[in-house]
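To keep things clear, I will list the structure first and then write my remarks on it.
The values are calculated or read from the model by the stated rules, or taken from the named source; none is laboratory data. Just so it is clear, the structure is predicted and the values come from calculations on it, not from any experiment. Ideal geometry is used to build each Cβ from the backbone, glycine not excepted, and the neighbour counts take in all protein chains shown. Note: areas computed on protein heavy atoms with side chains; ligands, DNA, RNA excluded. Shrake-Rupley method; radii C 1.70, N 1.55, O 1.52, S 1.80 Å.
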Amino acid sequence: MTVDVEDYFQVQAFADCIDRSDWDAFPRRVDRNTNRILDLFGAADVKATFFTLGWVARRFPVLIKRIVADGHELASHGWDHTRVDSQDPKAFRADVRRTKALLEDIGGAAVNGYRAATFSVGARTMWAFPILLQEGYVYSSSINPIRHDLYGMPDAPRVPFRPVVDGVMELPMTTVRLLGRNWPCSGGGYFRLLPTVLYRTGLGWVNRHDRQPGIFYFHPWEIDPGQPHIQNAGWKSRLRHYTNLSRMEADLDRLLRDFAWDRMDRVYAPVLAEPVAG
């Protein structure tokens, strides 16, 4: 179970109509929404991994402390949701180093995991994996092996793998292999847009047939139907962002009880213990 801790105005869908320099002008809701998620996880006795923006951590240190105190894994989502494929290696190194240092300073726990904004790691950014290892990370969960207009690496393995021999382990997002292609089965907007029975069926298939754990992800803003609407966003962005927000919390609560969930570092502990070549 994973949460990408970012606010509603920081998503890729609104990147064309909201400038980062204006973020502080928007009402912040990530603190309240993430605390609500922590309450839901507590009630269901679920532990999770929280991939958190440095931008959020700097403004809500008490939230970061609660994530760790409640027994969850604190991980990095980069500093300010900048796509990896828009950075050069030097900028990426500075980004992941800065974020890891802040999260560890506030949380008092090691940060081993990283997830790229909008799954923006692909064939042209394999240089990111050695940098992550050099900066003290152990794993990434940044590749989604599907076809999508904003991201995707459909030819990537569907199981944990090391993209380069001197880099971190990659834990790719969960997919179902059907009719010769990979279909998304890891949450996000698809979980809200499609009937939830499809996700539960797909995840069950991955568990039983592929004998693999599944990764689910969502965002704090997805349980917040009362969030401000971004009026100048395009129709596709509005569809992706606002559809079925009102049912998300109830669907999530059922999902928490339908499967056994835990932190990424514990679920994948045997894989992550494999030594790096060289």
**Item:** Highest-MSF residue in the chain out of Ala260, Ala48, Ala13 [GNM, Cα springs under 10 Å]
**Value:** Ala260
**Prompt:** Among the DSSP beta bridges whose two residues both lie in the chain, what percent are antiparallel, rounded to the nearest 5?
**Reply:** 25
**Net +/- balance of residues flanking Gly71 in space, Cβ distance below 15 Å, scoring K and R +1, D and E -1** = -1
**DSSP loop chymotrypsin sites (Phe, Trp or Tyr not before Pro) with at most 16 other Cβ within 10 Å: longest gap in the chain** = 128-258
**Request:** Determine the shape class of region 130-278: with a ≥ b ≥ c the square roots of the Cα gyration tensor eigenvalues, call it rounded for a/c under 1.5, and otherwise prolate if a/b is greater than b/c, oblate otherwise.
**Result:** prolate
**Item:** Of Pro145, Pro154, Pro172, the one that fluctuates the most in a GNM where the chain has Cα springs shorter than 10 Å
**Value:** Pro154
**Prompt:** For region 6-106, which whole-number percentage of the solvent-accessible area (1.4 Å probe, protein heavy atoms only) is attributable to carbon and sulfur atoms?
**Reply:** 47
**Asked** Given the C-alpha centroids of region 224-278 and region 98-127, what is the distance between them in whole angstrom?
**Response** 17
**Request:** Select from Tyr199, His229, Tyr114 the residue farthest towards the positive end of the dipole of region 107-233; place +1 on Cβ of Lys and Arg, -1 on Cβ of Asp and Glu, and compute about the Cα centre.
**Result:** Tyr199
**Sequence-distant lysines (8 or more away, or on other chains) whose Cα lies within less than 17 Å of Lys47** = Lys65
**Complete:** Surrounding charge for Pro195, neighbours by C-beta under 12 angstrom, Lys/Arg +1, Asp/Glu -1, total +2
**Request:** Translational diffusion coefficient, Stokes-Einstein: compute it for region 1-82 using the Kirkwood radius over C-alpha pairs as Rh, at 25 °C and 0.890 mPa s, and state it as an integer in µm² s⁻¹.
**Result:** 186
**Asked** Going by a ≥ b ≥ c, the root eigenvalues of the Cα gyration tensor, does the chain fall in the rounded group (a/c under 1.5), the prolate group (a/b larger than b/c) or the oblate group?
**Response** rounded
**Asked** Where only protein heavy atoms count, and the probe is 1.4 Å, what is the accessible area per residue for region 99-211 in Å²?
**Response** 43
**Prompt:** Ignoring ligands and nucleic acids, what accessible area does Val206 show with a 1.4 Å probe (Å², nearest 10)?
**Reply:** 10
